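The values are calculated or read from the model by the stated rules, or taken from the named source; none is laboratory data. Computed from a predicted model, the values in this text were never measured in an experiment. No Cβ is skipped: glycine too gets one built from the backbone with ideal geometry, and neighbour counts run over all protein chains shown.
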Amino acid sequence: MLPASIIDLVKNRLGDRFDDYLIPPPVFVTMGGEYIAFDLDSGTLTTRFPVLDKYLNPYRYMQGGMVAAAVDNTLGPLSMVVAPPNVTRRLEMKYSRPVTPDLEHITVIGRLVGRQDPQLTFSAEVRDPQGMLLARAKAIHWIIGDS
């Protein structure tokens, strides 16, 4: 399925409530996020985010919180196409390697790994352009309101 259809899927899922949400989220746009691949059958979404100087910490690595924001900005859209509206309740990050400014971008692969209403469980991997693992994440989302 083409990544552009993610917004269409969210629109179909939300119906008349679509205009109540900011799709895509302004933070996704601000971070320069790009949808790369989406597979509804496997519950995966792949995104890409540029590594910008304004995201660097004093050590000249991408701030860990910005890496976590890239993960959250991947799992959030994925969660909206695989379940009713929900929020991140917990996000755990494990960093393996620093994200250095010589990398043009990072790639985040998000995956739905479990659903037991009202709880959703997601995992994510953050990789460099050559596929080297930089970080892993686990997230718990909570379905809110009426489905």
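Here are a few things to note about the model shown:
- Filtered by the rule that a residue be of a type in the set (D, E, K, R) and either at pLDDT 95 or above or surrounded by 13 or more Cβ atoms within 10 Å (Cβ to Cβ) (or both), segment 130-146 gives R136, K138.
- In segment 27-44, the residues that are of a type in the set (A, V, I, L, M, F, W, C) and crowded, with 19+ Cβ neighbours inside 10 Å: F28, F38
- Pick from segment 45-101, criterion surrounded by 15 or more Cβ atoms within 10 Å (Cβ to Cβ) and among the small types (G, A, S), ranking: nearest to R111 (Cα to Cα): S79
- The residues of segment 112-147 that are of a type in the set (S, T, N, Q), farther than 12 Å from M93 by Cα and in a strand (DSSP E or B), listed by number, are Q116, Q119, T121.
- Yes/no for V108 being crowded, with 17+ Cβ neighbours inside 10 Å and outside any strand (DSSP E or B): no
- The residue list I23, I6 contains one member that is closer than 21 Å to E125 by Cα and either at pLDDT below 95 or exposed (fewer than 13 other Cβ atoms within 10 Å of the Cβ) (or both), which is I6.
- For beta carbons closer than 8 Å, sequence separation of 6+ or different chains, a first residue in segment 57-79 that is of a type in the set (G, A, S) and a second that is surrounded by 24 or more Cβ atoms within 10 Å (Cβ to Cβ), the qualifying pairs are A70/T47; A70/F49; A70/V108; A70/V126; S79/L120; S79/F122; S79/H141.
- Some residue of segment 112-129 being more than 23 Å from L40 (Cα to Cα), at pLDDT 95 or above and either out of contact with any Lys or Arg (no Cβ under 6 Å at 6 or more places or on another chain) or among the small types (G, A, S) (or both): yes
- Top-ranked residue in segment 83-105 [being in a loop (DSSP other than H, G, I, E, B) and of a type in the set (D, E, K, R); ranked as farthest from the chain's Cα centre (by Cα)]: D102
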